[in-house]
Amino acid sequence: MKLNTTIDKNIIDGWFAEICPMWPGIALSLEIEKVLYSNKSKYQQIDLFLTTHHGKMLVLDGIIQLTQSDEFAYQEMLAHVPLFSHPDPRHLLVIGGGDGGILREAGRHDCLETIDFCEIDEEVIQVCKQFLPDLACGFDDNRVAVHIGDGNAFVQNQKQMYDVIIVDSSDPVGPGEALFEKPFYESLKHALKPGGLIATQGESFFMHKKYVENLVKITKELFDIQGYSTILVPTYPGGNIGICMGSLGPQLKIPGRQIPEKVQQQLKYYNKEIHKASFVLPGFAQKMMDEI
Ligand code: SPD
């Protein structure tokens, strides 16, 4: 099948194959029904597909960012593990994640007074508002202030501003590269209020050992408490992805406050037990963390 997309190299007989040097020799493929959007923005190639069995799928530079069938797992965990670890989060910064999914989840926390959001590629936001309103509804929250620009530059100007910072980055190829380097984490630390914490997209301990080790090393060096939580996401490489966290006070492995019943009822993946369990790692992965 010939699909009208500008990333032809990833399309094989009507299937999209996620081929990337970060996970050599293996590629997840999804069958495509239709190309809904395909364009090279100022920063990256943006593709939005309708798949045959997993709903719509957002792909940036050939890498799957989300599918409608399992996005809830990633968005819920990357938002609620850090936000429920903090005993009283009032001010949140979200860097990356132009789909709005993390904002949708963060918006469930009534205690938040301000939510700053920084995304480099405005076109991703526009595409998601048009095609993924079930995620982009996160932008409708009137506590959200959108800043279009480089997250790395944005955070350098913020001093002791936030209780929680969440980094929903793409992989360290393309525009997200600086978000995996130590100077960025030093800036995040300075942007935190006393007792604050950060959480960042932490890749997969099966597929991206050197990237996970690097993030864990940086967060161990800079923060008082470090933790690595893992999430099952069938359409990410290896079927799992981590959250690498650093805290200036709060414990990470247990919720620091009650999960309101009305919030819990809205969630499909996150709960108190999965919060704790997500920090329990397979032996080889725990050994990897301990040796850093
Ligand atoms: N390997 C892909 C990792 C993508 C992480 N970011 C996804 C953005 C969803 N809000």
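Answer yes or no as to whether residue 160 is at positive phi, over 14 Å from the mean Cα position of the chain (by Cα) and either away from the ligand (no atom under 12 Å from the Cβ) or surrounded by fewer than 24 Cβ atoms within 10 Å (Cβ to Cβ) (or both).
Details: at positive phi: yes; over 14 Å from the mean Cα position of the chain (by Cα): yes; either away from the ligand (no atom under 12 Å from the Cβ) or surrounded by fewer than 24 Cβ atoms within 10 Å (Cβ to Cβ) (or both): yes.
Against the criterion (at positive phi, over 14 Å from the mean Cα position of the chain (by Cα) and either away from the ligand (no atom under 12 Å from the Cβ) or surrounded by fewer than 24 Cβ atoms within 10 Å (Cβ to Cβ) (or both)), residue 160 qualifies.
Applying the condition of being assigned to a helix (DSSP H, G or I) and on the phi < 0 side of the Ramachandran plot to the range 163-177 and asking which residue is nearest to the ligand (Cβ to nearest atom) yields 176.
Across the range 223-249, what is the total count of residues that are closer than 26 Å to residue 90 by Cα and open to solvent by 20 Å² or more (accessible area, probe 1.4 Å)? Step through it out loud before you land on a result.
Taking the range 223-249 first, the residues closer than 26 Å to residue 90 by Cα are 223-231, 242-249.
From the residues that got through so far, the ones that are open to solvent by 20 Å² or more (accessible area, probe 1.4 Å) too are 224-226, 230, 248-249.
Qualifying residue count for the region: 6.
Number of residues in the range 28-46 that are at pLDDT 95 or above, buried (at least 16 other Cβ atoms within 10 Å of the Cβ) and outside any strand (DSSP E or B) equals 2. Out of 80, 91, one residue alone is within 14 Å of residue 268 (Cα to Cα), assigned by TED's automatic domain parsing to the domain that holds residue 177 and not small (Gly, Ala, Ser). It is 80. Within this structure, residue 127 passes the test of being modelled with pLDDT of 95 or more and touching a Leu at 6+ places or on another chain (Cβ under 7 Å). Just to be sure, is residue 49 away from the ligand (no atom under 12 Å from the Cβ), aromatic (Phe, Trp, Tyr), at pLDDT 95 or above and more than 23 Å from residue 268 (Cα to Cα)? Answer is yes for this residue.
Would you check if there is a residue in the range 88-99 being buried (at least 22 other Cβ atoms within 10 Å of the Cβ), away from the ligand (no atom under 15 Å from the Cβ) and not in a strand (DSSP E or B)? Yes: the range 88-99 contains one or more residues that are buried (at least 22 other Cβ atoms within 10 Å of the Cβ), away from the ligand (no atom under 15 Å from the Cβ) and not in a strand (DSSP E or B).
The set of residues in the range 181-211 that are open to solvent by less than 10 Å² (accessible area, probe 1.4 Å) and either closer than 16 Å to residue 20 by Cβ or not assigned by TED's automatic domain parsing to the domain that holds residue 124 (or both) comprises 201, 203, 204, 208. Within the set of pairs 6+ apart or on separate chains, which have a first residue in the range 95-117 that is assigned by TED's automatic domain parsing to the domain that holds residue 143, a second that is of a type in the set (Ser, Thr, Tyr), and C-beta atoms under 6 Å apart? Close Cβ pairs (under 6 Å, with a partner that is of a type in the set (Ser, Thr, Tyr)) amount to 96/169. For the range 164-180, a residue qualifies if it is charged (D, E, K, R) and crowded, with 24+ Cβ neighbours inside 10 Å, and exactly one does: 168.
Scan the range 62-82 and tell me whether some residue there is out of contact with any Leu (no Cβ under 8 Å at 6 or more places or on another chain), part of a strand (DSSP E or B), open to solvent by less than 20 Å² (accessible area, probe 1.4 Å) and over 29 Å from residue 272 (Cα atoms). Yes: one or more hits. Note on the range 282-292: among residues that are in a loop (DSSP other than H, G, I, E, B) and not β-branched (Val, Ile, Thr), the one that is most open to solvent (accessible area, probe 1.4 Å) is 291. Scanning the range 20-55 for residues being closer than 15 Å to residue 236 by Cα and touching a helix residue (DSSP H, G or I) at 6+ places or on another chain (Cβ under 6 Å) gives a total of 1.
The values are calculated or read from the model by the stated rules, or taken from the named source; none is laboratory data. None of these values were measured; they are calculated from a predicted model. Note that we place each Cβ from the backbone using ideal geometry, even for glycine, and neighbour counts take in every protein chain shown. The protein model used for the area step is the full one, side chains on, heavy atoms only, and it has no ligands, DNA or RNA in it. Shrake-Rupley method; radii C 1.70, N 1.55, O 1.52, S 1.80 Å.
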